[in-house]
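The values are calculated or read from the model by the stated rules, or taken from the named source; none is laboratory data. Treat the numbers as computed from the prediction; the structure is a model and nothing was measured. Don't worry about glycine lacking a Cβ; one is built from the backbone with ideal geometry, like all the others, and counts go over all protein chains shown.
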Amino acid sequence: MPKKTRAQIEKELREKYFESAKKREEEEIVGAGIKTREFKIFEKKEAGGEWFEKLVKWSRGFGIKFALDRKTKEELEVKLRLLGLDVEPEDIYSLGILSIMLFLVIGVFAFLFVGPGGLLISIAGFGAFLYLKSYPDRLLEIRRAKASSELILSILYMVIFMRTTSNLEAAVKFVADNLETALGNDFKKLLWDVQSRKYASMKEALDNYVVGWKDTAPIFVDAIHLIEASLYQGSEEARIKMLDKALELSLEGTFEQMVRYANALRTPINLLYMMGIMLPVLGLVMFPIMGAFLSDIINPAALIVLYDVILPIGVYVFAKYSLAKRPAGFPIPDISMHPDVPPPGKFFVGKGKYRRAYSAWIPAAIVGFLLLLPMFFYLPMYASVKPQEQDIYATLLIVASPAAAIIVYGRLLAASRMKIRKELQEIEREFADATFQLGNRISEGYPLEIALTKVANVMGESATARLFREISKNIHDLGMDVESAIFDPKLGAIRFYPSAIVKSILKVAIMSSKKSLDVAAVSLVNMSNYLRDLHRIDEKVQDILSETLSSMKFQSSFLAPVISGLVVGLTAMILIILDILGEQVTSMLTQEGTQGLGGLGAGTWILGIFQVSKAIPLFIFQPVVGIYVVEIVILLSLIDGDIELGGDPLFKFDLLSKQLPIALAIYAIVTFAVTTIFTGIARVAVQAGLVFG
């Protein structure tokens, strides 16, 4: 059979995709391309802005109009079109104005019921306006961030494929088939655009696509151009060299970006530490005392709104925009298709046919409620305005309740999933050596089926060996061919090892082995070298980020709870001293009269100083501080996850459920110990001063 030319292959691919396109429903022409109902739904699902679109449309009923200048309107229209959101630019600003009005009304009502402190709620309206106005920008950033984590992998896949088959459109299809992420969807869209005749060739489609990355990922753009240039090299050696250069540029460029990113993190982290932890927590010492003099302004409601609402939001916004602008990094394994991974938000109980999935929030809510239950009896019966240590000890449960619920929820979701993720990461680390050995065995003349068994025997009990043995078992016991043994939807070995890297390399191994054993051997050896380079750069990236990550973990897990515990103990000591002195002064005025102390006015003034009945009670003050600590730990853990692994939700749950127990324990121990020691010393010192003074 004569070998097909490149033109014939491209023609067949176009016809294949064009036939599938014709079967889609409700086609409509949009601009120069074709979008069906399904594709428009896909765009909205990818954008993730359905709630925003509904909220904007709901706000139209209030009849608020806001005019925009031409430039702002055009820029926003482009963003909304890219996101697939069916809203008008003016509607977004109108929604922002509506949010200011709603929060202003809520603030006025709060003022009527809780005093001037309630007006702080009105400030949130301006924050809501800024949030809604910039939401399309953030949505585009999120979408681009999801895609950017796969940039290096897409270059790797294209280079791996084009080493054996110099076909750009087939290489793009290979990337689209192996990336089940935002970037994979982008590559699927490129195939769609070519087969629907929006672009005359894949090169034209790629050139148009990478324009959107030129500002955020210029290295990716350069690598794509190098891959395209490899098609026009005069010799095979020059073509391979150009492909290798594309991957090398992508890896080294990513490392250089990470170095600059890590260096730029130092100043924002110091500011975050001072403005988000040190100054707010130390400032808490003054609130209970100031409350005795400015009770109309410094009241419990104002303290709660400021420290447990406004400050955490401010810290999050600052940290999100200053610390989490992470450049494109290395992707992490997607375990969502693993058979042993529970559905989202659930965890498995039991094994085999007795295994059932349950919602994680149910046991989390039960734990939180049980810890909070004693407070329903303590607060009405024992809590008083008079400062006492017991209020601090007892109300630690108010802090522990939500923290424990979050910890339980996080551990139930992360424990089994992280175990599977670590096994996949182990395979990916080992797979460079396994691929090299597989290539050597094939170069010795063994077919792929036998080579897999021989490599498995050499690698002992590693995760990769288990994968290869499972493949061999399917071949020998079930009579499958090697492709079905790996990729069969029901019985294929890859079901339990859903690593995109492993899957793509095995696909290339099968494709190249169909050509010849020599081609397969060379391809596998080259792929092993690529994987080694990938892991080498990944380890360097983790090293340069380690100092920053350690600093953030130290701040959230140790520094914040220690300082907060000291503040609570110090505040308790001050209030108890003032309370005791106030009682003694009252007793002296009662016994000796106010004239001996400078007259009635002076006596009243002294009573005013030492009267703590108007100060913020300790049974409110301690929970406010404790909840703030919990919020800071949560926020810093989320930002830590953004920096370390580009915002992976599973890693964030795992990190949070490990750091929060440590921070909670440190806070409780320090608060209990400092309160006991400081208040004990204060009582002894005051009594001794009164006796001997």
Query - Failed item in (1) closer than 21 Å to Ile669 by Cα; (2) outside the structural domain of Glu583 (by TED's automatic domain parsing), with Gly410 passing the rest - result: (1)
**Report entry** Test result for Ala665, small (Gly, Ala, Ser), surrounded by fewer than 20 Cβ atoms within 10 Å (Cβ to Cβ), in contact with a helix residue (DSSP H, G or I) (Cβ under 8 Å, 6 or more places away or on another chain) and in a helix (DSSP H, G or I)
**Finding:** no
Requested in this report: Quick one: which residue in Ser557, Ser550, Ser523 is farther than 22 Å from Pro333 by Cβ, free of Cβ contacts under 8 Å to residues at least 12 places away in the same chain and among the hydroxyl-bearing types (Ser, Thr, Tyr)?
Outcome: Ser550
Query - Count of residues meeting criterion [surrounded by 17 or more Cβ atoms within 10 Å (Cβ to Cβ), polar (S, T, N, Q) and in a helix (DSSP H, G or I)] in region 174-218 - result: 3
Query raised in the report: Among the candidates Ile427, Ile398, Ile407, Ile450, which residue alone is of a type outside the set (Asp, Glu), closer than 30 Å to Lys515 by Cβ and modelled with pLDDT of 85 or more?
Result: Ile450
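With respect to Thr435, determine if the residue is more than 28 Å from Phe347 (Cα to Cα), in contact with a His (Cβ under 9 Å, 6 or more places away or on another chain) and either of a type outside the set (Lys, Arg) or in a helix (DSSP H, G or I) (or both). Don't jump to the end; show me each part of the working.
Numbers: more than 28 Å from Phe347 (Cα to Cα): yes; in contact with a His (Cβ under 9 Å, 6 or more places away or on another chain): no; either of a type outside the set (Lys, Arg) or in a helix (DSSP H, G or I) (or both): yes.
The answer is no for Thr435.
Has region 634-649 got any residue that is assigned to a loop (DSSP other than H, G, I, E, B) and either modelled with pLDDT of 80 or more or of a type in the set (Asp, Glu) (or both)? Break it down stepwise before answering.
Our first condition is that a residue be assigned to a loop (DSSP other than H, G, I, E, B); within region 634-649, this holds for 646-648.
Keeping just the survivors that are either modelled with pLDDT of 80 or more or of a type in the set (Asp, Glu) (or both) gives 648.
Checking region 634-649: at least one residue is assigned to a loop (DSSP other than H, G, I, E, B) and either modelled with pLDDT of 80 or more or of a type in the set (Asp, Glu) (or both).
Within region 471-502, can you find the residues that are among the hydroxyl-bearing types (Ser, Thr, Tyr) and farther than 18 Å from Thr453 by Cβ? Working first, answer last.
Start the filter on region 471-502 by keeping residues that are among the hydroxyl-bearing types (Ser, Thr, Tyr), which leaves 472, 484, 497, 499.
Of everything in region 471-502, just one residue is among the hydroxyl-bearing types (Ser, Thr, Tyr) and farther than 18 Å from Thr453 by Cβ, namely Ser499.
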Requested in this report: Take the residues in region 219-267 that are in contact with a Leu (Cβ under 7 Å, 6 or more places away or on another chain) and in a loop (DSSP other than H, G, I, E, B), then tell me which one is surrounded by the most Cβ atoms within 10 Å (Cβ to Cβ).
Outcome: Leu265
Report task. Go through Ile366, Ile407, Ile420 for me and flag whichever is among the β-branched types (Val, Ile, Thr), at negative phi, surrounded by fewer than 17 Cβ atoms within 10 Å (Cβ to Cβ) and in a helix (DSSP H, G or I). Result -> Ile366
Requested in this report: Please work out if Val455 is more than 22 Å from Asp648 (Cα to Cα) and in contact with a Gly (Cβ under 7 Å, 6 or more places away or on another chain).
Outcome: no
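Counting only residues that are more than 27 Å from Ile152 (Cβ to Cβ) and either buried (at least 17 other Cβ atoms within 10 Å of the Cβ) or not acidic (Asp, Glu) (or both), how many does region 484-513 have? Show your work before the answer.
Of all residues in region 484-513, those more than 27 Å from Ile152 (Cβ to Cβ) come to 484-485, 488-491.
Of the ones still in play, those that are also either buried (at least 17 other Cβ atoms within 10 Å of the Cβ) or not acidic (Asp, Glu) (or both) are 484-485, 489-491.
Qualifying residue count, region 484-513: 5.
Here's the yes/no breakdown for (1) of a type in the set (D, E, K, R); (2) surrounded by 13 or more Cβ atoms within 10 Å (Cβ to Cβ); (3) in the same structural domain as Asn185 (by TED's automatic domain parsing); (4) at pLDDT 75 or above:
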residue: Lys11; (1), (2), (3), (4): yes, no, yes, no
residue: Lys23; (1), (2), (3), (4): yes, no, yes, no
residue: Lys44; (1), (2), (3), (4): yes, yes, no, no
residue: Glu50; (1), (2), (3), (4): yes, no, no, no
residue: Glu53; (1), (2), (3), (4): yes, yes, no, yes
residue: Leu85; (1), (2), (3), (4): no, yes, no, no
residue: Glu88; (1), (2), (3), (4): yes, yes, no, yes
residue: Ser94; (1), (2), (3), (4): no, yes, no, yes
